[in-house]
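One structure is given below, encoded as structure tokens.
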Amino acid sequence: MNKFEALGLNDSIVKAVTELGFETPTPIQEKVIPELLKGNTDLVALAQTGTGKTAAFGLPLISMIDFNSRDTQALIMCPTRELCMQITRDLQSFTKYIKDANIVAIYGGASIDTQTREIKRGAQIVVATPGRMNDMIDRRRVNLSNVRFAVLDEADEMLNMGFKEDLDTILSQTPEEKNTWLFSATMPDEVLRISKNYMENPVEITAGTKNSGNVNIDHVYYIVHARDKYPALKRIADSNPDIFAIVFCRTKIETQEIADKLIKDGYNADALHGDLSQSQRDHVMKRYRSRSLQMLVATDVAARGIDVQDVTHVINYTLPDEIENYTHRSGRTARAGKTGVSIAIINMKEIGKIRIIERIIKKKFTEGKVPTGFEACEKQLFSLVKKVHEVEVNEEAIEAYMPKIYEELQDLSKEDIIKRFVSTEFNRFLDYYKNAPDLNATSSRDKERFAATPGITKLFINLGELDSLDSREMKEYISEVSGVDAASIVSVEVKSSFSFIEVKTEAAEIIQGTFKNARYNNRNVRIESRGASGGSGERSGERRSEGRGGFDRKRTFGGGGNSYGERKSYGGRSDRGERSSDRGGYSKSNSEGSRGYGERKSYGDANTGERKSYSDRAERSSSRSTSSESSSGGGERKSNFSREKRPRKKM
Ligand code: AMP
């Protein structure tokens with residue numbers, strides 16, 4: 001018996017999926033399909049894209065729809081136009097052998113009148129983005145009173161994009177008596193709230209461990225200096241001649257810049273981001289799908305929902321602010337059982353972020369070495385040689401030219417011909433890579449800075465000069481709060497917004513333990529072992545988000561505020577990115593700093609509520625901090641990290 005048939009699906013569906021090449025149900029399909037086929041099931045499923053979740057809900061849905069009726073019986077909501085079209089295409093292919101099946105996509109940026117006409121023809125299943133659907137409801141272009149199934153796909157992303165109210169409005173137009181199926185890659189409180197509000201005793205299904213990455217993906221990081229990021233990207237591309245990649249950047253501007261550089265340097269690349277018109281985006285996607293492009297440079301939002309087969313590499317040109325996005329990014333490769341590589345090009349300071357990602361995805365990265373110029377050339381050369389070897393010769397067509405070609409080349413030996421032939425393609429690379437430097441940021445100096453001394457543990461603390469602490473005071477403070485003898489604190493290096501403390505290893509744990517809930521001037525104090533944290537940069541960004549509170553900072557790099565509910569629109573999401581950059585920037589720290597001084601009267605341990613007086617600190621600090629800030633304007637804050645996180649004008 002066919003494995004899909006065994007799950008309870010009927011012949012016409014089994015025939016359609018078999019034609020699509022589906023032989024074995026994916027884990028989520030195995031769990032979800034029989035559950036939904038029972039009928040009258042509400043479902044909450046934790047699942048990423050790429051797991052086969054569209055078929056997991058699509059196939060049972062199709063089984064339960066009455067295609068003899070023209071009523072709209074199912075409504076599928078999803079965050080982006082691309083995903084909307086993708087789901088519609090998938091469902092259309094699943095219903096290939098079902099007469100009168102009509103599945104219609106409703107999304108912004110296309111004619112609402114055409115979409116209305118399509119619905120009027122009788123669409124049993126409507127797949128929609130929330131904004132456009134709300135519009136349709138406002139204009140009374142759609143009747144949802146016969147909906148029996150509501151599917152919320154990528155629910156977390158819809159909320160991230162600020163569609164919460166739209167969803168509430170849309171769902172209020174559907175009958176109470178219906179089944180709701182919710183799919184989400186993450187389960188923040190807002191998603192749980194939806195599940196509570198709209199479902200009754202939902203069945204909960206997890207496909208794989210929460211947030212665990214696809215097992216077929218190799219995760220690799222390359223450590224380079226910030227200035228070498230772009231050359232490293234090129235080396236990686238050149239060392240993989242058959243690369244078919246998505247390169248992720250954090251902002252629209254960076255995305256465009258990198259794509260422009262790649263195009264200028266002769267790569268088949270283009271940009272995909274929200275500043276492009278819909279038709280430009282469609283055009284780029286068409287070229288990428290048809291493989292006219294080898295590298296698609298994209299923002300997280302623009303690349304959401306893209307299902308392109310056989311992506312070989314996902315390249316994190318900049319790591320995402322939110323860790324969840326790393327999983328979404330890497331999930332663009334290794335789809336449907338294939339293998340793939342997810343690469344992060346990072347600087348030394350970002351190694352802590354890699355460790356955090358490893359904990360979340362429950363997979364280890366390997367440290368890659370950026371290929372040398374020689375290696376890149378070698379890869380290109382052998383790719384060419386392989387192509388020559390494998391090319392199909394059109395004997396008939398070429399025959400007429402051969403005598404002349406032999407004549408032209410008669411004074412050359414076989415070896416000469418090979419050399420010359422290869423060189424015509426290859427000299428460009430040789431020239432480029434002549435004397436190419438080693439791009440790996442693992443010089444002995446770098447290593448020294450980050451090497452551990454036996455018996456000594458380096459700790460990072462998110463307090464610094466801006467908190468009116470100098471090294472002596474920092475030592476005192478740590479010793480007082482932790483009870484550790486000051487002699488165990490070997491050295492303190494105070495920076496503007498954070499500090500490094502070297503302590504005897506046996507004291508490190510005590511300090512970390514006693515500081516767990518410590519607060520300093522109404523801020524959480526964080527002490528982390530240097531190995532586990534990215535240290536300087538991200539922390540300085542992070543502290544600036546503290547005032548906003550209420551979100552899981554462990555899951556966010558460099559600020560972020562409340563991850564949900566802030567984003568109002570597509571633009572708003574990017575805007576949020578800008579704001580988080582802004583928080584890491586200089587001007588913001590200035591204002592926060594000055595606001596803070598007046599308040600800085602004490603510090604204490606939140607555990608005990610004990611407050612330790614540092615009453616004269618405010619005055620002493622203002623002068624010092626002011627000067628440190630003015631100098632840091634041109635100095636420390638222009639570190640790699642600050643520059644990367646500098647607010648951009650337009651995103
Ligand atoms: P999705 O998670 O729905 O975006 O699906 C990811 C990809 O896997 C899509 O290209 C599907 O066509 C493909 N796919 C889904 N289910 C199966 C299956 N059982 N066997 C093979 N490919 C599948």
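A few points about this structure:
- Helices (runs of 4 or more DSSP H) wholly inside segment 383-479 that include at least 1 residues being surrounded by 11 or more Cβ atoms within 10 Å (Cβ to Cβ) and modelled with pLDDT of 80 or more: 402-409, 414-433
- Scanning segment 300-323 for residues that are away from the ligand (no atom under 16 Å from the Cβ) and open to solvent by 10 Å² or more (accessible area, probe 1.4 Å) turns up ASP300, VAL301, HIS313, TYR317, ASP321, GLU322.
- Odd one out for GLN92, checked against (1) closer than 23 Å to ILE205 by Cα; (2) away from the ligand (no atom under 11 Å from the Cβ): (1)
- Any chance LEU159 is in contact with a Phe, Trp or Tyr (Cβ under 6 Å, 6 or more places away or on another chain) and either without any contact (Cβ under 8 Å) to a residue 60 or more places away in the chain or open to solvent by less than 10 Å² (accessible area, probe 1.4 Å) (or both): yes
- Number of positions in segment 116-136 that are away from the ligand (no atom under 16 Å from the Cβ) and under 32 Å from the mean Cα position of the chain (by Cα): 10
- Residue in segment 332-341 that is of a type in the set (Gly, Ala, Ser), open to solvent by less than 10 Å² (accessible area, probe 1.4 Å) and within 15 Å of VAL220 (Cβ to Cβ) present: yes
- For segment 499-517, a residue qualifies if it is within 13 Å of ASN462 (Cα to Cα) and open to solvent by less than 40 Å² (accessible area, probe 1.4 Å), and the qualifying residues are SER499, PHE500, ILE501, PHE515.
- Among the residues listed as THR186, THR255, THR180, the single one being assigned to a helix (DSSP H, G or I) and either at pLDDT 90 or above or in the same structural domain as ALA47 (by TED's automatic domain parsing) (or both): THR255
- Residues considered: ILE357, ILE345. Of these, the only one that is more than 13 Å from the chain's Cα centre (by Cα) and open to solvent by less than 10 Å² (accessible area, probe 1.4 Å) is ILE345.
- Condition met for GLN86 (at pLDDT 95 or above and within 15 Å of the ligand (Cβ to nearest atom)): no
- Top-ranked residue of segment 326-372 - restricted to ones that are at pLDDT below 85 and among the small types (Gly, Ala, Ser), ranked as farthest from the ligand (Cβ to nearest atom): GLY352
- Count of segment 103-130 residues which are open to solvent by 40 Å² or more (accessible area, probe 1.4 Å) and part of a strand (DSSP E or B): 0
- Residues in segment 295-332 that are among the hydroxyl-bearing types (Ser, Thr, Tyr) and within 25 Å of ILE253 (Cβ to Cβ): THR299, TYR317, THR318, TYR326, THR327, SER330.
- Residue pairs meeting the criteria (Cβ under 6 Å; at least 6 apart or on separate chains; first more than 18 Å from ALA101 (Cα to Cα) and free of Cβ contacts under 8 Å to residues at least 12 places away in the same chain, in segment 9-31; second more than 6 Å from the ligand (Cβ to nearest atom) and open to solvent by 90 Å² or more (accessible area, probe 1.4 Å)): none
- Restricting segment 38-70 to residues that are away from the ligand (no atom under 16 Å from the Cβ) and either among the aromatic types (Phe, Trp, Tyr) or under 19 Å from ASN201 (Cα atoms) (or both), the residue that is farthest from the chain's Cα centre (by Cα): PHE67
- Exactly one residue among ILE243, ILE170 is surrounded by 20 or more Cβ atoms within 10 Å (Cβ to Cβ) and not basic (Lys, Arg), and that residue is ILE170.
The values are calculated or read from the model by the stated rules, or taken from the named source; none is laboratory data. What you see is a predicted model, and the numbers here were worked out from it, not measured in a lab. Virtual Cβ from ideal backbone geometry, glycine too; neighbours counted across all protein chains shown. In case anyone asks, the SASA skips ligands and DNA or RNA and just uses the protein heavy atoms, side chains included. Shrake-Rupley method; radii C 1.70, N 1.55, O 1.52, S 1.80 Å.
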